[in-house]
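Single-structure report; data block below.
The values are calculated or read from the model by the stated rules, or taken from the named source; none is laboratory data. Bear in mind that the values here come from a model prediction, so they are computed numbers and not experimental data. Heads up, the Cβs are rebuilt from the backbone with ideal geometry, glycines too, and the neighbour counts pull from every protein chain shown. Each accessible area value is taken on the protein alone, full model and side chains, heavy atoms only, with ligands, DNA and RNA left out. Shrake-Rupley method; radii C 1.70, N 1.55, O 1.52, S 1.80 Å.
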Amino acid sequence: MVKLYNTRTRQIDEFQPISGNHVGMYCCGPTVYNFAHIGNLRTYIFEDILRKTLQRAGYDITHVMNITDVGHLTSDGDEGEDKMLLGAQREHLSVLQIARKYEDAFFEDTKSLNIERPSVVARATEHIQDIIRFVKGLEEKGYAYIADGNVYFDTSKFPSYGDFAHLDVDNLRHGARVDEDGNKKNKTDFVLWFTKSKFENQILTWDSPWGVGYPGWHIECSAMAMKYLGDEVDIHCGGIDHIPVHHTNEIAQSEALLGHRWVNFWLHGEFLVLQKEKMSKSAGTFLTLSVLKEKGYNPLHYRYLTLTAHYRSTLSFTFENLENAKNTYEGIKSKILELRKQAKQETSKPRDEELKTKYIQEFNDYLYNDLNTPQALTVLFAVLKDVDLSAGAKLEILEDMDTVFSLGFKDFQEKNLSIPEEVQMLVNERVQARADKDWAKSDELRDKIASLGFTVKDLPQGKYELLPLE
C-alpha cells in the first residue's frame, strides 16, 4: 500500500488509482529559455523517485510532462517579461532555436541524473489547437471574458478558487499574490489567450477566434494533461512554488470546464536553497549541473545528496554538503566493488533469504510511506554492515534498491587511472606554485593539465584529487 502526502487534503492519504492498475501522472516541465538549475532538477529527481516507487508497487504509469516553449512570463501571474523572448534576445537566436537548445540540454541533464524520460513529452507550441478548444469551452460555459483583446478566466465564477492554496481571495493585495492589470474584473483573474501582447516583436503567434495571439502559461498544462490522460488524473506534480498561482489556476480552469474534480493527488517538492535563498534563475542565484561537473562532481553525487532529504523538506545546498555526499557515494561504490570480488569466492549464508526478505520489506515500507528516501538509505547501510549476509546476497539487495535510487550500482567499474608523466609533472609544478601563492601560474598550469584531459580538484591542506575530464 502506497501512501502519499496530498496537497489537496493536506494529509498523507492511501493512494488508489482511478482506473484499475494504471496511473496517469502529469508533471510540470521546464520553460526552455535557459539551463535548468539544480533546484529545478531536484524536483525532477523527486518525480522520478515517485514514478519508480509506483512501478515498484506494481502500477503501470503514463507519465506526461510539458515543455513550455511559448508564453511563460517572468511572473507566475500575467505580468513581467516573456522568458522565451528574453532568451532569444540574449543569445541572438530565434525563439524556437532557443527552445530546442535548452530542451536538449535539459534532457542531457536528466539523463546524466538517471531520471527516466516521461512517457509523453508535450511541447506547448505543438498543442495550440488543443489549447484553443479548451479556451472556447470555457467561453461557452461562461467562465471567460474578453478585455482589450485578451481572454481572461473569471475567478468569481469559480467559488472554490482559493481553496487549494488556502488563499484569502477577498483580502489579496495587488502586488502581493497577483500583479496589477486594469483589464481584470477580479484581482485573481488570469489570461487564457493574449492577442494584445505587451511585446512589440512577439514572434510566436497563432490565429484564434479572438485574433492572432498566443496562450497564457497556465492553460497549456490543463489542455495537454487532458489530451493525454483524460478528464480524471491520478497525480499532478510540481514544485511547491506552483501551489498559489499556477496549480490554483489549473484547477480552476480545468474543473470549470469539466464540472467535477480533475486531479486526485497533488504532490509538491520543496525548495533547494542556496545561502538561505531559494534558487532562482530570474534572481541570478542558481547553479547548473554543468558547474558541478566542472568542479569534478559526478551528477549522481548530486542525485545522492537529494535523496538524503525528504522531498517535502527544504534542502540547503553547500559544496561542503555535496562533498560529503560525494564521499559517501564513492564509499558505497568501493564497498560494492569489494563485494563483487568477495562474491566470486564466497558461498551463500544460512540467513540470506530471510534477511533479504526483511531488508527489502523495510526498504519498501519507507518508500511506500510518502517516499521516505532518507530512511530508505539507512536500510542500504544496514545491509552493507550485516555480517550475517553473504556478499552475493548484499549485492542482490542493493541492486534491487537501486531500481528506485538509480545511483548506477550495476555500472560501477574499477577505475584504473593511468596518469601520463607529463601530466604528473605539471601537477607537481602546480602544487609548488600554490605553495608559493603564485595563483597566476597555478591557473596557467591547471589549464595545461585540462588540455591534456585531466582536471585538478583542490582539497584542504594543500591536497588534491586528479580526475579525467568527462
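Counting only residues at least eight positions apart within a chain, or on another chain, the lysines with an alpha carbon under 29 Å from that of Lys185 are Lys83, Lys136, Lys141, Lys157, Lys196, Lys198. Over segment 412-466, the alpha carbon radius of gyration divided by the compact-protein estimate 2.2 N^0.38 Å works out to 1.16. Straight-distance candidates among the aspartates and glutamates for linking to Lys463, with alpha-carbon spacing under 20 Å and chain neighbours fewer than 8 residues away dropped: Glu294, Glu320, Glu323, Glu330, Glu421, Glu422, Glu429, Asp436, Asp438, Asp443, Glu444, Asp447. Let a ≥ b ≥ c be the square roots of the eigenvalues of the Cα gyration tensor of segment 272-394; is it rounded (a/c under 1.5), or, if not, prolate (a/b larger than b/c) or oblate? Oblate.
Extension gain, Asn186 to Ile12: 0.36 nm times the residue separation minus the Cα-Cα distance gives 59.3 nm. Between segment 209-252 and segment 308-346, the C-alpha centres lie 38 angstrom from each other.
Using R0 = 56 Å, the C-beta based FRET efficiency linking Asn171 and Asp458 works out to 0.55. Gain on full extension, evaluated as 0.36 nm per residue between Glu422 and Glu444 minus their Cα-Cα distance, stands at 6.4 nm.
With protein chains left intact and a 1.4 Å probe, residues in the chain average 45 Å² of accessible area per residue.
From the alpha carbon centroid of segment 349-397 to that of segment 406-441 is 36 Å. Highest mean first, the peptides 358-366, 49-57 sorted by other C-beta atoms within 10 Å per residue fall in the order 49-57, 358-366.
With a/c under 1.5 counting as rounded, go ahead and sort the chain into rounded, prolate or oblate using the C-alpha gyration tensor (a ≥ b ≥ c being the square roots of the eigenvalues; past the cut-off, prolate if a/b is larger than b/c, else oblate). Before the final figure, lay out the partial values.
Working: a/c = 2.52, a/b = 1.45, b/c = 1.74.
Verdict is oblate for the chain.
List the pairs from Lys52/Lys341; Lys326/Lys457; Lys52/Lys111; Lys295/Lys457; Lys101/Lys227; Lys326/Lys448 whose alpha-carbon separation is above 18 Å, in the order I gave them. Write down the numbers at each step before the final one.
On the way: Lys52/Lys341 29 Å; Lys326/Lys457 13 Å; Lys52/Lys111 15 Å; Lys295/Lys457 7 Å; Lys101/Lys227 26 Å; Lys326/Lys448 26 Å.
Check vs 18 Å cut-off fails for Lys52/Lys341; Lys101/Lys227; Lys326/Lys448.
Of the DSSP beta bridges with both residues in the chain, give the percent that are antiparallel, rounding to the nearest 5.
Roughly 50 percent of the beta bridges in the chain run antiparallel, per DSSP.
If we sort 305-317, 6-18 on the protection proxy, mean other Cβ atoms within 10 Å, highest first, what's the order?
Values: 305-317: 18.5, 6-18: 14.3.
Highest mean packing first, the order is 305-317, 6-18.
Placing +1 on each Lys and Arg Cβ and -1 on each Asp and Glu Cβ, with no other charges, gives segment 122-262 a dipole about its Cα centre of roughly 200 debye. Give the shape of segment 299-345 as rounded, prolate or oblate, defined through the alpha-carbon gyration tensor: a ≥ b ≥ c are the square roots of its eigenvalues, a/c under 1.5 means rounded, and otherwise the shape is prolate if a/b is larger than b/c and oblate if not. Here segment 299-345 falls in the prolate category. Where does the chain land at 222 nm, in deg cm²/dmol rounded to the nearest 500, when only DSSP H runs of n ≥ 4 count, each adding -39500 (n - 2.57), divided by all residues? It comes out at -13500 deg cm²/dmol, rounded to the nearest 500. The long axis of helix 352-367 is offset from the longest Cα principal axis of the chain by roughly 30 degrees.
Roughly speaking, what is the stretch gain from Glu140 to Val212, that is 0.36 nm per residue apart minus the C-alpha to C-alpha distance, in nm to one decimal? Could you put the intermediate results ahead of the total?
Values: separation 72, 0.36 × 72 = 25.92 nm, distance 1.97 nm.
Result: 24.0 nm gained on full extension.
Compute the long axis of helix 128-140 from its Cα atoms, compare it with the longest principal axis of the Cα atoms of the chain, and write down the angle in degrees, 0 to 90, nearest 10. Its long axis makes an angle of about 40 degrees. Summing +1 for each Lys or Arg and -1 for each Asp or Glu among the other residues whose beta-carbon sits under 11 angstrom from that of Leu355 gives -2. Taking the accessible area of segment 365-470, probe 1.4 Å, and keeping the other protein chains in place, the carbon and sulfur fraction comes to 49%. By how many degrees, 0 to 90 and rounded to 10, does the Cα axis of helix 95-112 deviate from the longest principal axis of the chain? Approximately 40 degrees, to the nearest ten.
Its relative contact order, with pairs defined as Cα atoms under 8 Å and 6+ residues apart, puts the chain at 16 percent.
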